[in-house]
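Working notes, beginning with the structure itself.
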Amino acid sequence: MSNTYFQFKQFIVHQEHTAMKVCTDACLFGAWLAKDENIKTASTLLDIGTGTGLLSLMVAQSIAENKKSNAKITAVEIEPTAANEAKSNFNISPWSNEIELINGPIQALSQPSFDCIFTNPPFYEGDLISMSDKMNLAAHSKALPWTDLMESVSNLLNSNGYYYVLVPALRAYTMQKLAGQKGLQLMEEVVVYNAAKQKPIRAMQKFKKMEATNLAVTRTNFIIKDADNNYSAHFKQLLAPFYLHL
């Protein structure tokens with residue numbers, strides 16, 4: 001059975017009632033977001049499909065530590081029990097006044113007002129559907145197809161705003177193509193490997209809302225575990241502000 005909570009250095013994430021639990025790739029994505037200069041200096045940020053609230057909490061911690069903006073984070077979650085749990089996690093954190101929870105579909109938001117949007121979206125399409133409605137909402141893109149996601153991101157992101165997303169490595173190009181169709185140009189892509197000799201598992205992508213241009217894309221690889229199956233030095237460095245025992 002999964003733990004009912006995950007303790008970080010500055011906050012705790014309860015996850016008993018949330019289908020998608022705290023996991024390594026989501027923590028890595030949150031830490032990658034948290035070190036981004038555009039995230040740290042943004043005034044308005046949107047977390048689509050917040051789940052437990054993990055990404056919003058990691059970003060809020062980084063913004064508070066860097067003291068570079070008076071930021072407001074809006075976290076949207078469609079599943080009611082997950083939304084309630086995220087709200088509770090926000091309320092017991094040091095940044096309860098900086099994070100607003102909205103329980104509803106992202107399509108209900110209409111006014112473009114965000115400097116940065118980030119998401120760990122549902123991505124399964126043709127895979128077996130779970131018996132759990134909560135799991136289906138969290139993991140399967142039937143409730144939020146990527147085309148709908150990109151339509152919302154394009155509508156809600158300010159001009160010259162930034163969009164960050166975590167996707168399966170094999171679907172990174174699909175996300176890049178859909179984003180490009182909505183005027184979002186890929187700036188950075190980090191391909192994530194669990195270990196050096198394994199196939200890539202995830203891609204972390206950063207886009208900018210701007211007119212099409214020959215923008216140079218920064219592409220790098222990130223390895224989670226070293227040859228001894230321990231966290232790599234790079235992983236430890238990135239997660240040190242958050243993980244309790246790093």
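Can you say whether Gly161 is under 30 Å from Gly180 (Cα atoms) and at pLDDT 95 or above, as far as the supplied structure shows? Spelling it out, Gly161 is indeed under 30 Å from Gly180 (Cα atoms) and at pLDDT 95 or above. Restricting the stretch 105-147 to residues that are at pLDDT 95 or above and not polar (S, T, N, Q) leaves a set whose member that is farthest from Leu186 (Cα to Cα) is Phe114.
Against the criterion of being surrounded by 12 or more Cβ atoms within 10 Å (Cβ to Cβ), within 14 Å of Leu186 (Cβ to Cβ) and at pLDDT 95 or above, Lys225 does not qualify. Quick one: would you say Thr213 is at pLDDT 95 or above and surrounded by fewer than 16 Cβ atoms within 10 Å (Cβ to Cβ)? So Thr213 fails the test. Within the option set Lys67, Lys21, Lys87, Lys72, being closer than 24 Å to Lys236 by Cβ and of a type in the set (Lys, Arg) holds for one residue only, Lys21.
Selection over the stretch 41-99 of residues that are in a helix (DSSP H, G or I) and hydroxyl-bearing (Ser, Thr, Tyr) gives a count of 4. For Ser96, the requirement of being small (Gly, Ala, Ser), out of contact with any strand residue (DSSP E or B) (no Cβ under 7 Å at 6 or more places or on another chain) and buried (at least 16 other Cβ atoms within 10 Å of the Cβ) is not met. Looking only at the stretch 50-68, count how many residues are in contact (Cβ under 8 Å) with a residue 60 or more places away in the chain and buried (at least 24 other Cβ atoms within 10 Å of the Cβ). Residues in the stretch 50-68 being in contact (Cβ under 8 Å) with a residue 60 or more places away in the chain and buried (at least 24 other Cβ atoms within 10 Å of the Cβ): 3 in total.
The values are calculated or read from the model by the stated rules, or taken from the named source; none is laboratory data. Here the structure is a predicted model, which is why all the values come from computation and not from measurement. Don't worry about glycine lacking a Cβ; one is built from the backbone with ideal geometry, like all the others, and counts go over all protein chains shown.
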